[in-house]
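Here is the structure we will look at, set down as structure tokens.
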There are 2 protein chains.
Amino acid sequence: MSRPQTVSLQEKFDLFTDHWSPRIVGELNGQQVKLAKISGEFIWHAHEHEDELFLVTRGTLRMRFRTHEAVVGVGEFIIVPRGVEHQPVADTEEVWMLLFEPASTVNTGTAGGERTVTELGRL
Amino acid sequence: MSRPQTVSLQEKFDLFTDHWSPRIVGELNGQQVKLAKISGEFIWHAHEHEDELFLVTRGTLRMRFRTHEAVVGVGEFIIVPRGVEHQPVADTEEVWMLLFEPASTVNTGTAGGERTVTELGRL
């Protein structure tokens, strides 16, 4: 019998300090809820099959697109559709965020490279 | 060309006041992001095919299950797997929450009845 439990974002964020290494904190309908701490610039990339949601809980995320830039503050989210190139940037302070995306999503998308995380931790 | 934009939860919550009538504020991967304000007790129900996530942004949600009860405060979430009967309750104050669930999800699940909302608004 399933026994659903409450999950505290703060308690989960307190369990890790490294950047650009999302942790899985929930799964539903083939999607995952991940938490990430980021600082500095990530690489430009896109996801072929996955739309991504970024909900910011600390700091200010700048999401660069080829055509514009979106600023995402605490209590705000942005959805990046599949196929759209984007570059997440946290250049003034550390940013904490919650991600909703399919379990198949790779952090660097089709760009790949050394910043790819293949085995995500679970909290 | 898609042009992703930032969405403020507060701005969206400010656009409605009624209870138990979720508004759609985002869509991705066949899932929807909804905002809801609730007060009092909802009906007992379950969803046959959909897991649901509830993330609280104001107040304290009590999620009753047949076997236990979970208290979900601000900055906390709970995932209710498909098939699990649950009753959302906001009995001390209004609760604001974000829902993440498949687009096919009906608020009353398989229970149906007069509290079913068939046409959700979009903000």
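FYI, it's all coordinate maths here, none of it is from the lab. Keep in mind it's a predicted model, so treat the numbers as computed, not measured. Please note: Cβ atoms are built from the backbone with ideal geometry, for glycine as well, and neighbour counts cover all protein chains shown.
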*Paramagnetic reach from B:Ile24 (point 7 Å along Cα→Cβ, amide N under 20 Å) across segment A:90-109*: A:100-102
*Once you sort the root eigenvalues of the Cα gyration tensor of segment A:25-107 as a ≥ b ≥ c, which label holds: rounded (a/c under 1.5), prolate (a/b larger than b/c) or oblate (the other case)?*
oblate
*Shortest first, in nm, what separates the label point of A:Ile43 from those of the same position in the other copies (7 Å along Cα→Cβ)?*
5.2
*For chain B, what is the relative contact order in percent, using Cα pairs closer than 8 Å and at least 6 residues apart in sequence?*
32 percent
*Considering only DSSP states other than H, G, I, E and B, which GluC sites (Glu not before Pro) in segment B:48-78 qualify as loop sites with at most 16 other Cβ atoms within 10 Å?*
B:Glu48
*Give a residue-ordered list of calculated ³J(HN,Hα) values for segment A:75-81 (Karplus: 6.51 cos²θ - 1.76 cosθ + 1.60, θ = phi - 60°; whole Hz; x for Gly, Pro).*
x, 10, 9, 9, 10, 9, x
_Extent along principal axes [Cα atoms of the protein assembly as shown; Å; largest to smallest]_ = 51, 35, 30
*asked:* For A:Glu27, what residues show an amide H to amide H distance below 5 Å, using hydrogens built from the backbone and excluding near sequence neighbours?
replied: A:Val33
*Along Cα→Cβ at 7 Å, what distances in nm separate the B:Thr116 label point from those on the other copies, shortest first?*
4.7
